[in-house]
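Before any comments, here is the structure.
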Amino acid sequence: MHQRLFVVDSGTTPLIAQNLNATALRIERLGRRVRLLYSIGAMRNAAFKEAARTEFDMRPAYIGVFALKGAASRAEAIPVYVDAFSVTTRQCPRG
């Protein structure tokens, strides 16, 4: 899945930097269904938006998250810092 969040040019760079202050990635799995959601904004707890969803059989032993520079051939490498990471299991009540 590749999701473009911003079109970067000289006029949007300050706004992009501000919006990336509270970026979040959420991966949800329920049975065969997997959803990838993201949140961007200047403040924490912004609403999540769905980037992609799919269904497939997977029983992962490990989880890995990585980033790519995209299609740019000469993009500068920028470090990423993770403030928090959590894995939760939730039982959904069946009505």
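Taking the conditions exactly as written (surrounded by 10 or more Cβ atoms within 10 Å (Cβ to Cβ) and without any contact (Cβ under 8 Å) to a residue 12 or more places away in the chain), does Leu37 satisfy them or not? Talk me through it step by step, then tell me what you get.
Values: surrounded by 10 or more Cβ atoms within 10 Å (Cβ to Cβ): yes; without any contact (Cβ under 8 Å) to a residue 12 or more places away in the chain: no.
No: the conditions fail for Leu37.
Here's the yes/no breakdown for (1) aromatic (Phe, Trp, Tyr); (2) surrounded by 10 or more Cβ atoms within 10 Å (Cβ to Cβ):
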residue	(1), (2)
Val8	no, yes
Arg33	no, yes
Ala51	no, yes
Pro60	no, no
Phe66	yes, no
Ala75	no, yes
Ala84	no, no
Pro93	no, no
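If the condition is being at pLDDT below 85 and either more than 12 Å from Gln3 (Cβ to Cβ) or small (Gly, Ala, Ser) (or both), then the stretch 31-56 contributes Gly31, Gly41, Ala42, Met43, Arg44, Asn45, Ala46, Phe56.
Listed by position, the strands (runs of 3 or more DSSP E) contained in the stretch 1-62 that have at least 1 residues being closer than 17 Å to Ser86 by Cβ and of a type in the set (S, T, N, Q) are 33-39.
The values are calculated or read from the model by the stated rules, or taken from the named source; none is laboratory data. Only a predicted model underlies this, so the values are computations on that prediction, with no experimental measurement involved. With ideal geometry, Cβ positions are generated from the backbone for all residues, glycine too; neighbour counts draw on all protein chains shown.
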